[in-house]
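The values are calculated or read from the model by the stated rules, or taken from the named source; none is laboratory data. Keep in mind it's a predicted model, so treat the numbers as computed, not measured. Cβ placement follows ideal geometry from the backbone for every residue including glycine, while neighbour counts extend to all protein chains displayed. These accessible areas exclude ligands, DNA and RNA; they are computed on the full protein's heavy atoms, side chains included. Shrake-Rupley method; radii C 1.70, N 1.55, O 1.52, S 1.80 Å.
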Amino acid sequence: MSNPPVRRKRATVHDVAVEAGVSRGTVSRVVNGERYVSDEARVAIEAAIVKVGYVPNNAARNLVMQRTQAIGFIVHEPHSLFLEDPNIGEILLGANTALSDADYQMACLIVDSERDTDRVARYLSGGFVDGVIIVSARKNDPITRVVERLEIPSAFVGHPPDLAKAPFVGIDNRGSARSITERLLATGRTRVGMIAAALDRDSGADRLAGFTDALGDSFDPALVESVPLYSYAAGRAGMHALLEREPDIDGVFAASDAVAAGVLDALREAGRSVPRDVGVVGFDDSAWAVRAHPALSTVHQPAEGLGRAVAESVLSQLRGEEQPAGGIILETPIVWRDSA
């Protein structure tokens with residue numbers, strides 16, 4: 001049997017001090033970014049750090065400071081949707097950029113079942129993160145209750161209605177849905193339906209409310225097909241069901257671009273031409289919108305900006321700063337393309 005590899009001994013502050021010819025206290029001041037160290041000593045210490053291969057033990061330092069330098073990024077969605085939905089990815093990248101700039105790590109936590117909820121609750125209770133970002137929280141979300149109980153600094157993407165005072169970053173889902181539905185109606189469509197998704201969270205419910213607002217007295221609940229997720233498969237199945245019930249439909253507002261992509265394929269399979277027979281609009285202005293054929297008219301959701309802003313909110317709380325009342329709302333312009 002071969003002998004196990006010998007692990008190299010980790011360089012210490014003492015090794016750096018000996019190499020640089022200074023005290024350990026002087027080395028510590030340089031490592032911790034403190035002033036009152038001569039330029040000559042600082043140059044010698046920095047050269048010694050490189051030579052002996054010293055890496056500061058941040059874990060020990062964080063233990064003393066009771067900080068982990070990590071933020072949890074909690075997504076309450078099925079695992080498959082986490083990979084399919086480009087908005088989640090953009091939000092994650094935006095948040096990670098802000099956290100990285102502040103020298104924080106991100107811990108990504110996906111909640112897709114009761115077992116996931118218990119696992120993530122134990123993780124949060126263990127003090128492994130300094131704060132959390134929560135995406136796709138539902139009303140009466142058990143993870144949200146855990147975060148509240150532990151009093152962890154947190155911020156939400158979106159604003160669940162049962163969290164009146166929680167810091168959040170979001171968009172005007174209702175107003176944006178109303179605007180794009182009105183734009184669709186202005187093209188002359190008279191039988192406009194909706195594939196409404198994710199009605200168990202604020203974004204889905206608000207988009208349906210905006211659609212209802214736009215139609216006013218002409219709103220017909222029979223023209224709304226509800227699906228559980230913002231997904232391609234849900235949109236395709238929902239459109240088939242709506243066509244079977246209401247074959248004379250000539251316009252569709254899909255609650256997301258992924259849903260709209262499924263709607264387009266279902267219409268194509270039914271022999272309907274878009275936009276000649278049916279005008280279709282989506283929501284998000286994600287990768288789904290530009291890859292669709294025809295390209296989707298949609299609402300631009302600044303996903304990366306949402307991620308960056310929600311991360312900044314958590315970091316601001318950790319610095320003890322006051323949070324803006326009413327949260328932060330980002331703008332969502334309409335992007336008009338060929339599908340309508």
Output for segment 155-195, where each listed residue is open to solvent by less than 50 Å² (accessible area, probe 1.4 Å), in contact with a Gly (Cβ under 6 Å, 6 or more places away or on another chain) and of a type outside the set (V, I, T): G158, F168, G170, A177, L184, R189
Only one of V299, V310, V263 that is among the β-branched types (V, I, T), under 25 Å from V169 (Cβ atoms) and either part of a helix (DSSP H, G or I) or open to solvent by 40 Å² or more (accessible area, probe 1.4 Å) (or both): V310
Every pair of residues 6+ apart whose Cβ atoms lie under 9 Å, when the first sits in segment 96-116 and is touching a residue at least 60 places away in the same chain (Cβ under 8 Å) while the second is acidic (D, E): T97/E304; A98/E312; A102/E312; Y104/D130
Residue within segment 134-144 that is at pLDDT 90 or above and surrounded by 14 or more Cβ atoms within 10 Å (Cβ to Cβ) present: yes
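If you scan segment 215-248, which residues turn out to be among the charged types (D, E, K, R), within 30 Å of the chain's Cα centre (by Cα) and within 19 Å of A177 (Cβ to Cβ)?
E225
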Single match in S316, S256 (criterion: within 30 Å of I71 (Cα to Cα) and open to solvent by 10 Å² or more (accessible area, probe 1.4 Å)): S316
Condition met for V274 (more than 25 Å from D206 (Cβ to Cβ) and touching a Ser or Thr at 6+ places or on another chain (Cβ under 9 Å)): yes
Qualifying residue in segment 329-339 (condition: of a type in the set (A, V, I, L, M, F, W, C), surrounded by 21 or more Cβ atoms within 10 Å (Cβ to Cβ) and within 30 Å of S154 (Cβ to Cβ)): no
Pairs, first under 10 Å from F253 (Cβ atoms) and in contact (Cβ under 8 Å) with a residue 12 or more places away in the chain in segment 202-219, second part of a helix (DSSP H, G or I) and open to solvent by 60 Å² or more (accessible area, probe 1.4 Å), C-beta under 6 Å, six or more apart: G210/R174; G210/R178; A214/R178; A214/E182
Pairs where the first residue, in segment 261-275, is at pLDDT 95 or above and the second is of a type in the set (K, R) and assigned to a helix (DSSP H, G or I), C-beta under 7 Å, 6+ apart: G262/R236; D265/R236; A266/R236
Count - residues of segment 239-253 that are open to solvent by 10 Å² or more (accessible area, probe 1.4 Å) and in contact (Cβ under 8 Å) with a residue 60 or more places away in the chain: 1
Selection from segment 196-226 of residues that are aliphatic (A, V, I, L, M), outside any helix (DSSP H, G or I) and either modelled with pLDDT of 95 or more or in contact with a Gly (Cβ under 7 Å, 6 or more places away or on another chain) (or both): A196, A197, A198, V224
Segment 173-192 residues that are under 17 Å from D284 (Cα atoms), paired with ones that are open to solvent by 50 Å² or more (accessible area, probe 1.4 Å) and part of a helix (DSSP H, G or I) (beta carbon under 6 Å, 6 or more apart): N173/D206; R174/D206; R178/D213
Subset of segment 19-39 that is farther than 16 Å from V55 by Cα and modelled with pLDDT of 90 or more - its residue that is surrounded by the fewest Cβ atoms within 10 Å (Cβ to Cβ): G21
Residue check, S125 open to solvent by 50 Å² or more (accessible area, probe 1.4 Å) and either touching a helix residue (DSSP H, G or I) at 6+ places or on another chain (Cβ under 9 Å) or modelled with pLDDT under 95 (or both): yes
Any helices (runs of 4 or more DSSP H) falling wholly within segment 45-117 and containing at least 2 residues that are modelled with pLDDT of 85 or more and open to solvent by less than 70 Å² (accessible area, probe 1.4 Å): 86-101
